[in-house]
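Visitor: Questions regarding the structure given below will be posed in turn.
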Amino acid sequence: GFPTQGPLGEAHVAGETYTKQQGIGLTSVRPTSFSSNFVTYDLSSIKSTNGFASPLGTEAAVNWVAIADIAAVAVRALVDSSYDGKELQVTGPPSSTLTALQMKALIEKKSGRTIEYTHVECPPIPDLLGLWNFLRAGGFDLSTSVVLDATGKAPQDFSDFLDTLDLTPA
């Protein structure tokens with residue numbers, strides 16, 4: 001098994017467990033890493049320094065999922081009672097499960113520039129340490145058919161997500 005996602009993930013699980021113990025129906029929508037996190041954490045450094053840094057390392061892979069796909073699954077779960085009580089692991093397609101080096105190569109292809117990846121240590125914040133340990137252990141190295149099954153549409157590929165961004169240098 002994988003380590004837990006640390007205090008943040010454990011808080012989610014505790015909330016789900018408590019809700020179920022109270023007899024309240026609960027459907028859990030559990031996405032992997034949001035594609036939009038790339039914009040928040042990496043895009044500006046790619047534009048300004050042709051590089052990005054992460055505690056992920058070079059071996060672990062993480063699946064990236066579009067927030068529109070997460071929303072579409074959540075909407076389906078709200079209006080379709082067949083999803084009641086289920087845990088929905090929402091992911092992008094298998095091609096969106098990338099190591100940092102695969103992401104680097106994809107960004108190089110999309111931007112036409114050499115991009116540097118730098119491995120950095122985890123920030124010394126307990127909530128984040130647990131999450132990064134989970135990710136480095138392969139916790140989000142997976143892909144499911146949940147988006148396709150729930151919506152009838154294939155999930156957005158991370159490569160297509162990159163096409164929606166301006167990757168030109170700042």
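The values are calculated or read from the model by the stated rules, or taken from the named source; none is laboratory data. Because the structure is predicted, anything quoted here is derived from the model rather than measured. All Cβ positions, even for glycine, are placed from backbone atoms using ideal geometry, and neighbour counts span all protein chains on display. Heavy atoms of the whole protein, side chains included, go into the accessibility calculation; ligands, DNA and RNA do not. Shrake-Rupley method; radii C 1.70, N 1.55, O 1.52, S 1.80 Å.
Visitor: Determine whether Gly92 is more than 23 Å from Asn50 (Cα to Cα), assigned to a loop (DSSP other than H, G, I, E, B) and within 13 Å of the chain's Cα centre (by Cα).
Guide: On the way: more than 23 Å from Asn50 (Cα to Cα): yes; assigned to a loop (DSSP other than H, G, I, E, B): yes; within 13 Å of the chain's Cα centre (by Cα): yes.
When the stated conditions are applied, Gly92 passes them.
Visitor: Looking at Leu106, is it open to solvent by less than 60 Å² (accessible area, probe 1.4 Å), within 16 Å of Val62 (Cβ to Cβ) and either part of a loop (DSSP other than H, G, I, E, B) or of a type in the set (A, V, I, L, M) (or both)? Reasoning before the result, please.
Guide: Working: open to solvent by less than 60 Å² (accessible area, probe 1.4 Å): yes; within 16 Å of Val62 (Cβ to Cβ): yes; either part of a loop (DSSP other than H, G, I, E, B) or of a type in the set (A, V, I, L, M) (or both): yes.
Criteria met by Leu106.
Visitor: Are any residues in region 74-88 open to solvent by 30 Å² or more (accessible area, probe 1.4 Å) and not in a helix (DSSP H, G or I), and if so, which ones?
Guide: Asp80, Asp84, Gly85, Lys86, Glu87, listed by residue number.
Visitor: Follow-up. Can you tell me which residue is nearest to Leu43 (Cα to Cα) among those in region 138-170 that are open to solvent by less than 70 Å² (accessible area, probe 1.4 Å) and free of Cβ contacts under 8 Å to residues at least 12 places away in the same chain? Outline the logic, then answer.
Guide: Taking region 138-170 first, the residues open to solvent by less than 70 Å² (accessible area, probe 1.4 Å) are 138-140, 142-147, 150-152, 155-159, 161-162, 165, 167.
The next check asks that each one be free of Cβ contacts under 8 Å to residues at least 12 places away in the same chain; those that pass are 145, 152.
Details: Ser145: 28, Gly152: 31 Å.
It comes out as Ser145.
Visitor: Within region 129-137, identify whether any single residue is surrounded by 14 or more Cβ atoms within 10 Å (Cβ to Cβ), within 20 Å of Ser36 (Cα to Cα), in contact with a Cys (Cβ under 8 Å, 6 or more places away or on another chain) and of a type outside the set (Ser, Thr, Tyr), and answer yes or no.
Guide: Yes, some residue in region 129-137 is surrounded by 14 or more Cβ atoms within 10 Å (Cβ to Cβ), within 20 Å of Ser36 (Cα to Cα), in contact with a Cys (Cβ under 8 Å, 6 or more places away or on another chain) and of a type outside the set (Ser, Thr, Tyr).
Visitor: Run down Leu56, Leu98 and say which single residue is open to solvent by less than 40 Å² (accessible area, probe 1.4 Å), in contact with a strand residue (DSSP E or B) (Cβ under 7 Å, 6 or more places away or on another chain), part of a strand (DSSP E or B) and in contact (Cβ under 8 Å) with a residue 24 or more places away in the chain. Spell out the reasoning first.
Guide: On the way: Leu56 fails: part of a strand (DSSP E or B).
The unique qualifying residue is Leu98.
Visitor: So the check is Cβ under 8 Å with 6+ separation or different chains; which pairs have a first residue in region 15-34 that's touching a residue at least 40 places away in the same chain (Cβ under 8 Å) and a second one that's in a strand (DSSP E or B) and acidic (Asp, Glu)?
Guide: Hits for this filter: Thr27/Glu87; Ser28/Glu87; Arg30/Glu87.
Visitor: Could you pull out the residue among Ser45, Ser36 that is touching a strand residue (DSSP E or B) at 6+ places or on another chain (Cβ under 6 Å) and surrounded by 12 or more Cβ atoms within 10 Å (Cβ to Cβ)?
Guide: Numbers: Ser36 fails: touching a strand residue (DSSP E or B) at 6+ places or on another chain (Cβ under 6 Å).
The match here is Ser45.
Visitor: Do we find a residue being touching a Ser or Thr at 6+ places or on another chain (Cβ under 9 Å), open to solvent by less than 30 Å² (accessible area, probe 1.4 Å), assigned to a helix (DSSP H, G or I) and of a type in the set (Asp, Glu) anywhere in region 59-73?
Guide: Scanning region 59-73 turns up at least one residue that is touching a Ser or Thr at 6+ places or on another chain (Cβ under 9 Å), open to solvent by less than 30 Å² (accessible area, probe 1.4 Å), assigned to a helix (DSSP H, G or I) and of a type in the set (Asp, Glu).
Visitor: Within region 27-51, how many residues turn out to be assigned to a strand (DSSP E or B) and under 19 Å from Asp141 (Cβ atoms)? It would help to see each step written out before you state the result.
Guide: Here is the first cut: in region 27-51, the ones assigned to a strand (DSSP E or B) are 28-31, 33-34, 51.
In the following step, the residues that additionally are under 19 Å from Asp141 (Cβ atoms) were identified as 30-31, 33-34.
Number of matching residues: 4.
Visitor: Let me ask another. Checking the conditions here, which among Ser35, Ser82 is closer than 27 Å to Thr168 by Cβ, among the small types (Gly, Ala, Ser) and either in contact with a helix residue (DSSP H, G or I) (Cβ under 7 Å, 6 or more places away or on another chain) or modelled with pLDDT of 95 or more (or both)?
Guide: Exactly one residue qualifies, and that residue is Ser35.
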